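The values are calculated or read from the model by the stated rules, or taken from the named source; none is laboratory data. The structure displayed is predicted, hence computed values, not measured ones. Glycine gets a Cβ as well: all are built from the backbone with ideal geometry, and neighbour counts include every protein chain shown. For accessibility, only protein heavy atoms count, side chains too; no ligands or nucleic acids. Shrake-Rupley method; radii C 1.70, N 1.55, O 1.52, S 1.80 Å.
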Amino acid sequence: MRAVTLARVPGSPEVTEVAVPRPEAGEVLVKVAASSVNGFDLGTVAGYPQDMMEHRFPLIPGKDFAGTVEAVGEGAEGFAVGDAVFGVDAKAHLGAGSMAQYVAVPAAVGIAHRPDQGFRA
């Protein structure tokens, strides 16, 4: 899959090919339709959280995402393939973020079903 990656921090992000993650027990795999760039991501590229969180390289930045559930790991409850979702990668380490075609995230925290479309005032 294509992903924005960092070989080191501080570093320069590049678009590279990496393996599609597999959802571990309790995780769902999301096909990412949208990801954001926020202050935390900019800080990660600059190396600020280097001494505060484990970093796994090549590091894919990105926390926020929206997309569709592509696969469900063993024991992951509340989600099914095809569900429209949004959320934040709530893992305790940096490395497999949402600036990629796919992201695996815990089903128990940081992910929700997308609300129905068509809100009316």
Please go through the stretch 88-103 and pick out each residue that is closer than 15 Å to Asn38 by Cβ, in a loop (DSSP other than H, G, I, E, B) and either hydrophobic (A, V, I, L, M, F, W, C) or open to solvent by 40 Å² or more (accessible area, probe 1.4 Å) (or both). Ala90, Met99
Conditions (1) touching a residue at least 60 places away in the same chain (Cβ under 8 Å); (2) under 22 Å from Val4 (Cβ atoms); number of the one not met by Ala107: (2)
Mind listing whichever residues of the stretch 68-87 are hydrophobic (A, V, I, L, M, F, W, C) and touching a Leu at 6+ places or on another chain (Cβ under 6 Å)? Ala71
With hydrophobic (A, V, I, L, M, F, W, C), touching a residue at least 24 places away in the same chain (Cβ under 8 Å) and in contact with an Asp or Glu (Cβ under 8 Å, 6 or more places away or on another chain) as the only criterion, which of Val88, Val45, Val37 stands out? Val88
State all residues of the stretch 34-46 that are among the aliphatic types (A, V, I, L, M) and surrounded by 19 or more Cβ atoms within 10 Å (Cβ to Cβ); if no residue qualifies, say none. none
Subset of the stretch 47-76 (residues that are loosely packed, with under 14 Cβ neighbours inside 10 Å, modelled with pLDDT of 95 or more and outside any strand (DSSP E or B)): Glu74, Gly75
